[in-house]
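> Here you go, one structure.
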Amino acid sequence: MAILVTGGAGYIGSVTVEHLCSLGESVVVLDNLSRGHREALAPSIPFYHGNVGDAALLDRIVREHAIDSCIHFAAFAYVGESVEHPELYFENNVIQGLAFLAGLFQTGVRRIVFSSSCVTYGEPETVPIKEDSLQWPTSPYGWSKLLFERALASYETAHALKFVSLRYFNAAGATRTRGEHHDPETHLIPSILQAAAGLRPEIRVFGNTYSTPDGTAIRDYIHVSDLAEAHSAALQHLRHGGASQFLNLGTGQGYSVMEVIDCARRVTGKPIPAIIEPPRPGDPSRLIADASKAEKLLGWKPRHSDLETIVRDAWEWQTRSPQGYTPK
Ligand SMILES: NC(=O)c1ccc[n+]([C@@H]2O[C@H](COP(=O)([O-])OP(=O)(O)OC[C@H]3O[C@@H](n4cnc5c(N)ncnc54)[C@H](O)[C@@H]3O)[C@@H](O)[C@H]2O)c1
């Protein structure tokens, strides 16, 4: 049986594909390459270039491969962009996403692992955040993810679809062959490392008056390899008849922006100039996971996610591939 991975040419998707293949799984990728890279996938992996909302294409993929389950990464994923262009996020993540879900159901695939996000919680009332915390996003991106979660729950009630919705906190780090390549890059760790490599003049710190010890926003960073392992564990959970779940994926440890910059200065040995900018709309002050439910249910634990390891792995990727993926 094969796993359909949407958005598999993107950052987390390509690392998960690499991991699934290392476990001997058959994987098929659907990606429109709007934000991903064909070079992030081994040439041997069956690849379909198209939109997730294309029902005819989805039908063809399921007919051409024995698809038994799906991991749905495909989405736009920038908080700031979603605040400026909500229409992009509702069109791509919700309208395309719901068309995909309906198409998947039509083709008979009944198991789905979904890339949700901690941004569905908005500004949390308490940290660490548990899965039953109030979800009230502060950005259209967050709403687009929450709407898809609600659709999954409705399909489960009506049609017995089984899902695991993984609410990742901040993905970071790299493997020996795959890493983060976004254009523009807005994620903190690769942006800091681009500054360390001289590819941008400085790192811009958005806000230093949050209610945190040093005033900069606090996030829970999770290594992309740990995320990949959680996806295979979530698939196994569903294949063994496990119940649908919403699960946080993080470490339970938060770092402020300034702490991450200091860590990157130590790892790279570079001074990394930082300038303070106003906070970005839609950015909560502190997001830290309580991931004990995922640990208990999936038997999963982050193994690579201490901050030094994350930054060192990302720096090695940055050093090896300064321009990211380059077409062959
Ligand atoms: N990066 C993070 O820290 C983070 C945190 C929480 C959740 N997520 C979620 O994880 C998923 C992957 O994130 P990422 O950082 O790897 O993003 P990414 O942009 O690197 O990958 C997304 C991939 O989806 C593809 N895609 C987008 N819209 C598509 C469509 N309509 N049809 C087909 N392909 C499409 C893109 O081309 C890209 O390859 C996203 O759903 C994101 O919302 C990411």
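> Output the residues belonging to the stretch 32-50 that are surrounded by fewer than 18 Cβ atoms within 10 Å (Cβ to Cβ), within 13 Å of the ligand (Cβ to nearest atom) and either at positive phi or assigned to a loop (DSSP other than H, G, I, E, B) (or both).
L33, S34, G50 - these are the residues of the stretch 32-50 that are surrounded by fewer than 18 Cβ atoms within 10 Å (Cβ to Cβ), within 13 Å of the ligand (Cβ to nearest atom) and either at positive phi or assigned to a loop (DSSP other than H, G, I, E, B) (or both).
> All but one of (1) buried (at least 18 other Cβ atoms within 10 Å of the Cβ); (2) of a type outside the set (D, E); (3) within 12 Å of the ligand (Cβ to nearest atom) hold for V28; state the number of the condition that does not hold.
Status for V28: all satisfied but (3).
> Quick one: A158 ticks every box in (1) among the small types (G, A, S); (2) surrounded by fewer than 20 Cβ atoms within 10 Å (Cβ to Cβ); (3) under 21 Å from D283 (Cα atoms) bar one, so which box is it?
Of (1) among the small types (G, A, S); (2) surrounded by fewer than 20 Cβ atoms within 10 Å (Cβ to Cβ); (3) under 21 Å from D283 (Cα atoms), only one is false for A158: (3).
Residues are listed down the side, and each one gets a yes or a no for (1) within 21 Å of N51 (Cβ to Cβ); (2) in contact with a helix residue (DSSP H, G or I) (Cβ under 6 Å, 6 or more places away or on another chain):
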| residue | (1), (2) |
| --- | --- |
| V83 | no, no |
| E91 | yes, no |
| G97 | yes, yes |
| E123 | no, no |
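> Please find, within the stretch 167-211, the residue that is nearest to the ligand (Cβ to nearest atom) out of those that are polar (S, T, N, Q) and in contact with a Lys or Arg (Cβ under 6 Å, 6 or more places away or on another chain).
In this case the residue turns out to be N170.
> Here is a further query. Among the residues of the stretch 109-124, are any exposed (fewer than 15 other Cβ atoms within 10 Å of the Cβ), within 16 Å of the ligand (Cβ to nearest atom) and modelled with pLDDT of 95 or more?
Of the stretch 109-124, the ones exposed (fewer than 15 other Cβ atoms within 10 Å of the Cβ) are 123.
Now narrow it down to the ones that are within 16 Å of the ligand (Cβ to nearest atom): none.
So far as the stretch 109-124 goes, no, none of its residues is exposed (fewer than 15 other Cβ atoms within 10 Å of the Cβ), within 16 Å of the ligand (Cβ to nearest atom) and modelled with pLDDT of 95 or more.
> Filter the stretch 55-87 down to the residues that are under 18 Å from the mean Cα position of the chain (by Cα) and either at pLDDT below 95 or within 11 Å of the ligand (Cβ to nearest atom) (or both) and list them by number.
Hits for the stretch 55-87 are I71, H72, F73, A74, A75, F76, A77, Y78, V79, G80, E81, S82.
The values are calculated or read from the model by the stated rules, or taken from the named source; none is laboratory data. Everything quoted here is computed from the prediction, not taken from an experiment. All Cβ positions, glycine included, derive from the backbone under ideal geometry; neighbour counts span all protein chains shown.
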